[in-house]
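The structure appears below as structure tokens.
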Amino acid sequence: MADSGVIDGPGRKDEIERAKSEGKDLTKEEKQRLRKEKKQQKKIKEKKDDKASQENEKEKKPVTSAAPASQPPTQPTVQKAPSAVPATAPVSVPASEASVPADKPTKTKAELKAERRARQEAERASKQTKKGETGQQAATSKPKAPPSDLQPVVKRLPEHIQVDNPDVLKKLAKKLERQQIPLRSDYGYKVSLFSHLHQYSRKAPLTQQLSIPSTVIHPAIVRLGLQYSHGIVAGSNARSVALLHAFKQVIRDYTTPQNEELSRDLVNKLKPYISFLNQCRPLSASMGNAIKYIKKEISNIPSNCKEDEAKNKLLNCIESYINEKIILAGVAIAKCAIEKQKISDGDVILVYGCSSLVNHILCKAFEKNRKFRVIVVDSRPRLEGKEALRRLVQKGISCTYVLISAVSYILPEVSKVFLGAHALLANGYVMSRVGTSQIALVAKAFNVPVLVCCETYKFCDRVQTDSFVSNELDDPDDLIVTRKGTTPLEGWENESSLGLLNLVYDVTPPDFVDLVITELGMIPCTSVPVVLRVKNVDQ
Amino acid sequence: MPGPYKETDLTERVEAFLSDLKRGGTGAGPLRGSAETARETTALLRKITAQARWSSAGDLMEIIRKDGRRMTAAQPSETTVGNMIRRVLKIIREEYARSRGSSEEADQESLHKLLTSGGLSEENFRQPFALLKSNVIEAINELLTELEGTTDNIAMQALEHIHSNEVIMTIGRSRTVEAFLKDAARKRKFHVIVAECAPFCQGHEMATNLSKAGIETTVITDAAIFAVMSRVNKVIIGTQTVLANGGLRAINGTHTLALAAKHHSTPLIVCAPMFKLSPQFPNEEDTFHKFVSPHEVLPFTEGNICNKTDLNHVPTFGKSFSDLDISSLSGFF
């Protein structure tokens, strides 16, 4: 009691002084309240001591665990509510008095708990407004646990862009060890500008280090990971759909263990799979959004739901996601593009690489008997344009095929440029296959309109201004080629000052893009944050 | 008899040179640099001067013009041939004028003279001079020594343009630029990014040569030019020809490189020796392209799409882009 007396001292004195200044004596109710406060303070302090010892092991910044030393106004960013509450509860007590409803003298333990929680909410709310007005907001009780509310202040950087930080690498290695997933090692000399990114070799797939049969990772996921790392499944739509199908298989084969809830255990089961896929090939923005959606759906399964029912529900959710966000969105975008005369007779359309959406649009337009021809631009080393060429030529569309270095020669013939996107960033930049920005640049120089086609599930909260901070480095050996019988780059690993750079993505500034066609309509590049906000509100 | 043998020998040489030009241009034969072409052209013209039968300057000029037309027709894309022929013709005119004794100033066509003289000058170069032959050959020898030294003279200026810790970008393979960068690397440390320039990927060889000289080199694909341009301090390129309006006729992809450099306000430096300067004007955008077989781009093994695709657009030399600002032309020495 003496301990809590130290903490409570100033607070209680305030209260008593205030009561006195108000001219009333401490009523019986108030005295009982005070006694109960003291008891609660003691309990909270004990709880806080426990939590403090736990939280010291975590990586979060330790915030004034010595609560007595701090006063609420001096705590700029509060991360742990329990440590904050004891010091501030006394101050908040008078404030929340008014707000706590039905304050009866005799209360049950549950009511006390609820009251304490309400007080904690009030305290946090008051901190967020940074003003004295606290009481009225305490009524908004949030369902989540308190600590997670205060997290957004510290942003955790994604691991895949911190390869040059040995601490992050160590943490990653530990995490993978815990999940029993092998760590993939970098390969080859990395260009200094990109030393913060991973660079893997295709000749050393992750699965070589896995034991067979793998007990930790579902075989569908192992297969998927191999398909990703070898480029068999490539392109952001294809990768997302493959991922969702693999997850459906995982859910079908899943059984809830005893004493576990499906909503929590399944999410934990998925985590090592996601790490594994990340190691095989860094996740794309669309895959990230899909995973977020699945996790949300899983955690929203009510606990009284039977397992079969829950699994069916999840499978239906995934089906509808694929259907709505990818397939129907593609249909809507094609319809939009064709009906609004974005593809008219006599057009010469330039496309780059192989975008499933753009190919779909062109095929649909051809079916609707629009007369146009297509120029497919391709680039080394992936040469994805050949695949696009194959698909278009099979439909009967007349095509021309050039490499990207010839684009300034061929552009005067072109009337429109259609580009696909990997992701649309919040500042309006388009992240897409490397070379897209170049085509947009040259098209702008020749005053040819550039249209980007992108579904809304690829919209991303990230902001990026150049192609360096976050990118993917592909196998550098892909650049080696034999021309006229010689292979100049054959022994490049032995040359100490020679590096090969095989970038996968680049970002196109929004001033090069004239229009973005989404299933919500035709928007300018800069409207991406608006769409994101609307989507968040909907969810 | 020396005469006829000399002539047949001469015609053989000319024919050999013509066929060499024809073959070398298609990319099938050994790729020759412009400097070699210039040197061989000049050597051949010297031989013609020495061995052909001519009595006056006018005759010589006629012979050279005739042979020159055949040479330029054999490989129109090699403009150095034409440039060298024009240089030699100018030498002949100068030597003739000097032999005639007229002074340098009078010889120069002032604007006043152009207006008052009325009609072409009566120079028909018919006067025979005994020493003309040896003078012309001597002048051509001077020209040849000048050609030998162009690359070194350009490379000597390298340190004026490259500071330490710079990132320089280049495209394809240019012997002039290679010498330029190697010379700077002796005293300064910098990085070079080479765009490989598909489909022939000459950039690979350039990169290996530079890295063997100890320069930090990175090879990138053509598609990544704009992506990495923001970190580049200077762009240094070679060219095939410098046109009369300041435009360039250079390897495919140079236009994109120049546009990207302009967007990021990066200075673009062209290293071009004197024999690459041409008096030709690009009247149309399309006049200067040179195409090669599309086999390099889409090989015939991919037959089922090949026969349905329009593939004749594989330009190896790109159009001029005089509208972009090119900050300096090194090589004027």
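The values are calculated or read from the model by the stated rules, or taken from the named source; none is laboratory data. Here the structure is a predicted model, which is why all the values come from computation and not from measurement. Note: ideal-geometry Cβ built from the backbone for every residue, glycine included; neighbour counts use all protein chains shown.
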Scanning the stretch A:384-430 for residues that are under 36 Å from the mean Cα position of the chain (by Cα) and among the polar types (S, T, N, Q), the one farthest from A:VAL469 (Cα to Cα) turns out to be A:SER405
- Message: Just to be sure before I move on: is B:ALA198 part of a loop (DSSP other than H, G, I, E, B) and crowded, with 19+ Cβ neighbours inside 10 Å in the structure I sent?
- Response: yes
Sole miss for A:VAL448 among (1) within 12 Å of chain B (Cβ to nearest Cβ); (2) touching a strand residue (DSSP E or B) at 6+ places or on another chain (Cβ under 8 Å) is condition (1)
What about A:THR526, is it more than 30 Å from B:LEU210 (Cα to Cα), hydroxyl-bearing (Ser, Thr, Tyr) and out of contact with any Leu (no Cβ under 7 Å at 6 or more places or on another chain)? yes
Counting only strands (runs of 3 or more DSSP E) wholly inside the stretch A:484-535, the ones holding at least 2 residues that are away from chain B (no Cβ under 14 Å) and either in contact with a strand residue (DSSP E or B) (Cβ under 6 Å, 6 or more places away or on another chain) or within 20 Å of A:GLY330 (Cα to Cα) (or both) are A:515-518, A:521-523
Residue hits (the stretch A:459-471; more than 8 Å from chain B (Cβ to nearest Cβ) and under 20 Å from B:VAL232 (Cα atoms)) are A:GLN464, A:THR465, A:VAL469, A:SER470, A:ASN471
Condition set polar (S, T, N, Q) and within 25 Å of A:THR526 (Cβ to Cβ), scope the stretch A:373-429, selection surrounded by the fewest Cβ atoms within 10 Å (Cβ to Cβ): answer is A:SER415
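Only one of B:LYS182, B:LYS212 is at the interface with chain A (Cβ under 8 Å from one of its Cβ atoms) and more than 29 Å from A:THR436 (Cβ to Cβ). Can you tell me which? Quick ask: steps written out before the conclusion?
Values: B:LYS182 fails: at the interface with chain A (Cβ under 8 Å from one of its Cβ atoms).
Going through B:LYS182, B:LYS212 in turn, just one is at the interface with chain A (Cβ under 8 Å from one of its Cβ atoms) and more than 29 Å from A:THR436 (Cβ to Cβ): B:LYS212.
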B:ARG87 meets each of (1) outside any loop (DSSP other than H, G, I, E, B); (2) in contact with a Lys or Arg (Cβ under 7 Å, 6 or more places away or on another chain) with one exception, condition (2)
Practice task
Kindly indicate whether any position in the stretch B:221-238 is in a loop (DSSP other than H, G, I, E, B) and more than 9 Å from chain A (Cβ to nearest Cβ).
Solution key: yes
Among residues of the stretch B:240-272 being within 23 Å of B:ASN153 (Cα to Cα), in contact (Cβ under 8 Å) with a residue 60 or more places away in the chain and part of a loop (DSSP other than H, G, I, E, B), the residue nearest to the chain's Cα centre (by Cα) is B:GLN240
query: Can we say A:THR526 is surrounded by fewer than 19 Cβ atoms within 10 Å (Cβ to Cβ), in contact with a Gly (Cβ under 6 Å, 6 or more places away or on another chain) and β-branched (Val, Ile, Thr)?
result: yes
Going through the stretch B:239-283 in order, the residues found to be hydroxyl-bearing (Ser, Thr, Tyr), in contact with a Phe, Trp or Tyr (Cβ under 9 Å, 6 or more places away or on another chain) and within 14 Å of chain A (Cβ to nearest Cβ) are B:THR254, B:THR256
For strands (runs of 3 or more DSSP E) lying entirely in the stretch A:329-444, having 2 or more residues that are within 8 Å of chain B (Cβ to nearest Cβ) and closer than 27 Å to B:GLY203 by Cα picks out A:399-403
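Every residue, every condition in (1) among the hydroxyl-bearing types (Ser, Thr, Tyr); (2) within 20 Å of A:LEU210 (Cβ to Cβ); (3) in contact with a helix residue (DSSP H, G or I) (Cβ under 8 Å, 6 or more places away or on another chain); (4) modelled with pLDDT under 90, yes or no:
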{"position": "A:GLN227", "(1), (2), (3), (4)": "no, yes, yes, no"}
{"position": "A:SER240", "(1), (2), (3), (4)": "yes, no, yes, no"}
{"position": "A:ALA246", "(1), (2), (3), (4)": "no, yes, yes, no"}
{"position": "A:THR256", "(1), (2), (3), (4)": "yes, no, yes, yes"}
{"position": "A:ASN259", "(1), (2), (3), (4)": "no, no, no, yes"}
{"position": "A:ALA285", "(1), (2), (3), (4)": "no, no, yes, yes"}
{"position": "A:LYS292", "(1), (2), (3), (4)": "no, no, no, no"}
{"position": "A:LYS296", "(1), (2), (3), (4)": "no, no, no, no"}
